[in-house]
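The values are calculated or read from the model by the stated rules, or taken from the named source; none is laboratory data. Remember, predicted model here, so these are calculated numbers, not experimental data. Virtual Cβ from ideal backbone geometry, glycine too; neighbours counted across all protein chains shown.
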Amino acid sequence: MKNIENAKRLPTIIHVDLDAFYASVEERDNPRLKGKPVIVGGRSNKGVVTTANYEARKYGVHSAMPMFMARRKCPKGIYVPGRMERYQEVSREIFRILHSFSDVLEKVSIDEAYLDITHLEAEPHKLVFELKETVYKETGLTLSVGIAYNKFLAKLASDWHKPAGVKEITPEMVPEILLPLPIRKVHGLGPKSCGLLNNLGLYTIGDLLELPEEFLMELLGKSGREVYHRIRGIDPRPVNTHRERKSLGIERTFPKGTRNRQVLEEYLQNFSQELSRDLKEKKLHARTITLKIKDENFKVQSRGKTLFQHINGADEIFEMVHGIFQELALEVPLRLIGITASNLLSEDLQQLSFFDL
Ligand SMILES: [Mg+2]
């Protein structure tokens, strides 16, 4: 029940995805193409399809398909070579519009972006409607939008009613939506991982939910943990604007080199407290803590550890940095020691697990 209060503070993130972007630009620049199957791709038969518009998709043509196969499936299609410069120009125009709606924006690719709209007054659906209208009026292009409380779900949602669709995924909808989904829909599971899991008889997210976290980590490596949480509707990744502060750190140079562990640990303890204060003051949490040292021979070393969750407490920071410190041999006296916090998250992203609801 505790999460009912939290629900009010959930972020609102939208994922914006232009529909059949390259092909749509071609249609817009050449109205005679409208309503016809348009395929953008390499000129030769050895090339692959970059984008097929929705008309062409009716014939079974899709991106990454070899050109010769596309021509076989859709002989009446209009085949155009890509014009990257033109697409980039149109993309810039679109991002200018997106920026005017929210400057907490992360560009994923030429035709895809996440926007955090939590801080805006506007009702999300209203804002999305306006955004789509503006893009259509100014560029003639349509886009699909997903609205949710994290990036994974927002991206899943934008794919729901393509083209030109809008879909919102709320916390209440998560179990119903996620359980039957094929595992390839999980961001972070590539074809290889999906193959592995399929071989184990696992096909849907519902199947994956049975697996312990350790098992997924063993099978998928580092990303196993992220997948474990993602299939539960949890994704703490912030919308990463480029202007965001990248790291925060403290370091000190000693007048004379030292190998005294007690002295050095004391520094780390003080730094952890200072860093924690700094983070809290700026309302930041960090996932990565890095220890930096320089020895008397001016050899610099940096070693970091990354957690799944974000922290900003002095004890947590010290625990991490102390763990790294203990692994150091300290053969040469140190002239400098410091701690850096990175992978910063600028707001308190309380994430819901549907198991807590
Ligand atoms: Mg797209």
- request: For region 127-150, name all the residues that are outside any strand (DSSP E or B), closer than 19 Å to Lys167 by Cα and either within 16 Å of the ligand (Cβ to nearest atom) or not acidic (Asp, Glu) (or both).
  value: Leu127, Val128, Phe129, Leu131, Lys132, Thr134, Val135, Tyr136, Leu141, Thr142, Tyr149, Asn150
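Yes/no matrix, rows are residues, columns are (1) closer than 20 Å to Pro31 by Cβ; (2) among the aromatic types (Phe, Trp, Tyr):
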{"position": "Glu55", "(1), (2)": "yes, no"}
{"position": "Tyr59", "(1), (2)": "no, yes"}
{"position": "Ile94", "(1), (2)": "yes, no"}
{"position": "Phe101", "(1), (2)": "no, yes"}
{"position": "Val104", "(1), (2)": "no, no"}
{"position": "Asp116", "(1), (2)": "no, no"}
{"position": "Ala122", "(1), (2)": "no, no"}
{"position": "Glu133", "(1), (2)": "no, no"}
{"position": "Leu141", "(1), (2)": "yes, no"}
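Quick one: would you say Arg184 is among the basic types (Lys, Arg) and either crowded, with 16+ Cβ neighbours inside 10 Å or without any contact (Cβ under 8 Å) to a residue 12 or more places away in the chain (or both)?
yes
Yes/no matrix, rows are residues, columns are (1) more than 26 Å from the chain's Cα centre (by Cα); (2) more than 13 Å from the ligand (Cβ to nearest atom):
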| residue | (1), (2) |
| --- | --- |
| Ile14 | no, yes |
| Asp17 | no, no |
| Lys36 | yes, yes |
| Gly42 | yes, yes |
query: Leu220 versus (1) modelled with pLDDT of 90 or more; (2) crowded, with 16+ Cβ neighbours inside 10 Å: which is the lone unmet condition?
result: (1)
- prompt: Going through region 149-163 one residue at a time, which ones are in contact with a strand residue (DSSP E or B) (Cβ under 6 Å, 6 or more places away or on another chain) and among the hydrophobic types (A, V, I, L, M, F, W, C)?
  reply: Ala154, Ala157, Trp160
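Here's the yes/no breakdown for (1) exposed (fewer than 14 other Cβ atoms within 10 Å of the Cβ); (2) under 23 Å from Pro124 (Cα atoms):
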| site | (1), (2) |
| --- | --- |
| Ile13 | no, yes |
| Ser24 | no, no |
| Val38 | no, no |
| Lys58 | yes, no |
| Ala64 | yes, no |
| Gly82 | no, no |
| Gln88 | yes, no |
| Arg92 | yes, no |
- prompt: What is the residue count in region 179-226 for residues that are more than 19 Å from Lys151 (Cα to Cα) and not basic (Lys, Arg)?
  reply: 30
message: Going through Pro175, Pro124 one at a time, which residue ends up being within 22 Å of the chain's Cα centre (by Cα), at pLDDT below 95 and either more than 16 Å from the ligand (Cβ to nearest atom) or surrounded by fewer than 21 Cβ atoms within 10 Å (Cβ to Cβ) (or both)?
response: Pro175
- prompt: Can you pull out the helices (runs of 4 or more DSSP H) entirely within region 209-292 that have at least 3 residues that are closer than 30 Å to Val16 by Cα and of a type outside the set (Phe, Trp, Tyr)?
  reply: 223-230
field: Residue list for region 3-52, filter: basic (Lys, Arg), assigned by TED's automatic domain parsing to the domain that holds Leu156 and either within 25 Å of Ala113 (Cβ to Cβ) or at pLDDT 95 or above (or both)
entry: Arg9
message: Among the listed residues Gly60, Gly42, identify the single one that is over 17 Å from Leu131 (Cα atoms) and touching a Lys or Arg at 6+ places or on another chain (Cβ under 7 Å).
response: Gly60
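Could we say that Ser276 is hydroxyl-bearing (Ser, Thr, Tyr), within 30 Å of Asp103 (Cβ to Cβ) and surrounded by 14 or more Cβ atoms within 10 Å (Cβ to Cβ) here? Steps first, please.
Details: hydroxyl-bearing (Ser, Thr, Tyr): yes; within 30 Å of Asp103 (Cβ to Cβ): yes; surrounded by 14 or more Cβ atoms within 10 Å (Cβ to Cβ): yes.
Taking the combined requirement at face value, the residue satisfies it.
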- prompt: Is it the case that Leu156 is surrounded by 17 or more Cβ atoms within 10 Å (Cβ to Cβ) and outside the structural domain of Glu123 (by TED's automatic domain parsing)?
  reply: no
message: Can you report the number of residues in region 169-208 which are assigned to a helix (DSSP H, G or I), within 23 Å of Ile14 (Cα to Cα) and aliphatic (A, V, I, L, M)?
response: 6
field: Considering residues of region 106-121 that are among the hydrophobic types (A, V, I, L, M, F, W, C) and surrounded by 20 or more Cβ atoms within 10 Å (Cβ to Cβ) only, the residue farthest from the ligand (Cβ to nearest atom)
entry: Ile117
